[in-house]
1. Compare the peptides 106-115, 186-195 by average per-residue count of other Cβ atoms within 10 angstrom and give them in order, highest first.
2. Kindly report, to the nearest 10 Å², the accessible surface of Asp178 as traced by a 1.4 Å probe over protein heavy atoms only.
3. Ordering Val50, Val14 by accessible area with a probe of 1.4 Å, largest first, what comes out?
4. Lys pairs in the stretch 1-127, Cα-Cα under 27 Å, at least 8 apart or on separate chains: how many?
5. Measuring from centroid to centroid over Cα atoms, what is the spacing of the stretch 7-44 and the stretch 152-218 in Å?
6. Of all accessible surface on the stretch 6-160 at a 1.4 Å probe, what whole percent is carbon and sulfur?
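The values are calculated or read from the model by the stated rules, or taken from the named source; none is laboratory data. Every value quoted in this text rests on a predicted model; they were computed, and no experiment measured them. Here the Cβ is made from the backbone with ideal geometry for all residues, glycine too, and neighbour counts use every protein chain on show. Keep in mind that these areas ignore ligands, DNA and RNA; they rest on the heavy atoms of the full protein, side chains included. Shrake-Rupley method; radii C 1.70, N 1.55, O 1.52, S 1.80 Å.
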Amino acid sequence: MRAIWKGAVSFGLVSIGVKVYSATEEKDIRFHQVHRDDGGRIRYKRTCSVCGEEVTYDDIAKGYDIGGGEMVILTDEDFAELPLTTSHAIDVLEFVPAEQVDPILYNKAYFLEPEGSATKPYVLLRDALADSERVAIVKVALRQREQLATLRVREGVLLLNTMLWPDEVRQPDFGFLDEDLKVRPPELAMASSLIDSMAGEFEPDAFTDDYRAALQEVIDAKIEGREVVQPEEEEAAPAAAVDLMAALKASVDRARAARGEAPEGGAAEPTPISAARSAQKAAKATKAPAKKAAEKKAPAKKAPAKKAAEKKAEPAKKTAAKKTAAKKAPAKKAAEKKAAPRKTA
């Protein structure tokens with residue numbers, strides 16, 4: 001790790017030299033903007049909106065918009081005159097119980113390492129802070145800004161957590177807060193049962209970023225020139241249930257089933273949600289076999305059937321014609337004999 005700041009923790013009349021390191025890092029997969037056709041990197045030029053010229057970093061200053069098209073320009077010299085740029089102190093203001101600090105105020109975390117001969121007072125402050133079961137409220141100047149922060153102990157190291165100022169936290173303003181909604185005791189009891197069935201000990205290592213893993217798999221597959229394996233789709237969340245109690249009970253039973261526990265009262269009765277899921281799965285399972293069976297039972301095409309019928313009919317017609325001709329021949333001879341005149345004596 002590389003130190004991003006050096007200073008001292010002012011603890012009463014004690015000054016403890018420290019180095020500051022970022023305690024966290026983002027694991028997001030980063031991309032560059034490129035031209036789709038040839039993969040060339042997209043570059044952006046810093047140009048002035050007034051003169052249109054390209055501007056270097058040396059010619060860039062900070063401007064504060066006061067409205068009406070007017071701008072107040074602050075230079076590096078203006079910032080150099082502020083006391084924050086030369087202040088490299090972490091001033092301890094007070095020690096408070098950790099539970100009194102709302103987690104919403106926490107911003108970013110930094111490790112503090114003792115510098116030079118400051119190891120002993122560093123360890124002294126660390127141990128005293130751990131024994132007191134409190135956190136130190138401090139002020140520190142980082143990145144040209146004064147920030148409120150806390151000092152606490154984590155894994156034998158002093159951890160500095162910068163905080164938001166109270167006026168930087170927004171107040172919730174939602175319409176439902178003014179509504180008079182009543183929760184029935186049975187619903188509250190069932191919700192509490194659901195919480196109990198899903199209770200556990202928090203282990204951060206048990207959770208993974210599935211999206212980042214899948215995205216990395218796509219990138220690796222493209223590098224190696226192989227086909228990307230499509231992950232199985234997770235079961236879609238059911239639509240909002242009208243019967244809240246049924247949904248809560250189904251949630252409790254599912255949570256217990258995930259833990260290998262039997263549902264309340266033995267076998268779980270079908271709920272609107274579970275019944276809908278079972279019906280959907282059954283429909284999918286029977287759809288394919290039913291389709292194949294229907295194809296097998298389907299009648300043969302009309303054209304071949306008609307030809308076969310015609311072929312069968314032809315011999316029958318010939319046979320019938322022969323029989324008719326055979327019957328007509330004797331009758332014809334008999335008629336001829338009767339019609340012939342008798343000879344006279």
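1. Taking the mean over residues of other Cβ atoms within 10 Å, the ranking is 106-115, 186-195.
2. 140
3. Val50, Val14
4. 12
5. Comparing the Cα centres of the stretch 7-44 and the stretch 152-218, I get a distance of 26 Å.
6. 50
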